[in-house]
Amino acid sequence: MTTFRDFGLADPILAALDASGYTTPTPIQAQAIPHLLQGRDLLGIAQTGTGKTAAFALPLIHRLAADPKRPAPHSCRALVLAPTRELASQIAESFVTYSGDLRLNVQVVFGGVPIGRQERALFRGVDVLVATPGRLLDLIDRGSCRLDKVEALVLDEADQMLDLGFIHALRQIAKLVPKVRQSLFFSATM
Ligand code: AMP
């Protein structure tokens, strides 16, 4: 049986998984993680509850840690888009949990709350930014966030995002990220 150690994930990640009590990768994790560690793009069909957050978070954390860089001001190295603030917050918490002692800077931004704190959080740049699309565009319009240093882009619940009418925002965001990047799409339906 495959274990997390078989993937060659960095030791701090393995320690964080041990601490979380994860012993065995779920099917989406076993299928996705080896491809993502090689830098490939991925289209994953997975429902919430299948372990899909770790399926993308673990290889992204590994890749960021393997190539340590100070994020550029107002920039992020990995960008995760999600349709709701609840999901965005959960994803950000998962990144923090799974990155253990690696000290990645993970921030989450969503609408309906004052923007100033989010602008300050992005000032020095972050490793991982989890965002709802509308608030991300607001931050970009205000000059508080730029996407030209994004190395990996994740669209979580892509089907729901299209249903919720985010397509216009997603098109704008897609124009701002570098053409050379890793792209990950997760959707419950196709
Ligand atoms: P998700 O599908 O990402 O929302 O994850 C669903 C739940 O499964 C979350 O509570 C995770 O903490 C948990 N989980 C994810 N991967 C594993 C794993 N390999 N072993 C045990 N629990 C897991």
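The values are calculated or read from the model by the stated rules, or taken from the named source; none is laboratory data. Since the model is a prediction, treat every value here as computed from it, not as a measurement. Ideal geometry is used to build each Cβ from the backbone, glycine not excepted, and the neighbour counts take in all protein chains shown. For accessibility, only protein heavy atoms count, side chains too; no ligands or nucleic acids. Shrake-Rupley method; radii C 1.70, N 1.55, O 1.52, S 1.80 Å.
Quick look at the numbers
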| item | result |
| --- | --- |
| GLU93, sole failed condition from (1) assigned to a helix (DSSP H, G or I); (2) open to solvent by less than 70 Å² (accessible area, probe 1.4 Å); (3) under 30 Å from GLY21 (Cβ atoms); (4) modelled with pLDDT of 95 or more | (2) |
| Of all residues making up region 22-48, the number that are more than 17 Å from the chain's Cα centre (by Cα) and near the ligand (Cβ under 7 Å from one of its atoms) | 5 |
| Scan of region 50-74 for residues that are in a loop (DSSP other than H, G, I, E, B) and either free of Cβ contacts under 8 Å to residues at least 60 places away in the same chain or hydrophobic (A, V, I, L, M, F, W, C) (or both), ordered by number | THR50, GLY51, ASP67, PRO68, LYS69, ARG70, ALA72, PRO73 |
| Among the residues listed as ALA92, ALA78, ALA88, ALA66, the single one being more than 11 Å from the chain's Cα centre (by Cα) and among the aliphatic types (A, V, I, L, M) | ALA66 |
| Leading residue by the ranking (nearest to SER89 (Cα to Cα)) among those in region 147-178 that are assigned to a loop (DSSP other than H, G, I, E, B) and open to solvent by less than 20 Å² (accessible area, probe 1.4 Å) | ASP156 |
| Subset of region 104-146 (residues that are of a type in the set (A, V, I, L, M), part of a loop (DSSP other than H, G, I, E, B) and surrounded by fewer than 18 Cβ atoms within 10 Å (Cβ to Cβ)) | VAL113, ILE115 |
| Enumeration of residues in region 50-74 that are open to solvent by 70 Å² or more (accessible area, probe 1.4 Å) and not hydrophobic (A, V, I, L, M, F, W, C) | ARG63, PRO68, LYS69, ARG70, PRO73 |
| Within region 6-21, considering residues that are within 10 Å of the ligand (Cβ to nearest atom) and open to solvent by 10 Å² or more (accessible area, probe 1.4 Å), the one farthest from GLN182 (Cα to Cα) | GLY21 |
| Any hit, region 32-39, residues being open to solvent by 60 Å² or more (accessible area, probe 1.4 Å) and not acidic (Asp, Glu) | yes |
| Verdict on ARG77 being outside any helix (DSSP H, G or I) and either away from the ligand (no atom under 16 Å from the Cβ) or open to solvent by 20 Å² or more (accessible area, probe 1.4 Å) (or both) | yes |
| Yes/no for GLN47 being of a type outside the set (D, E, K, R), outside any strand (DSSP E or B) and open to solvent by less than 10 Å² (accessible area, probe 1.4 Å) | no |
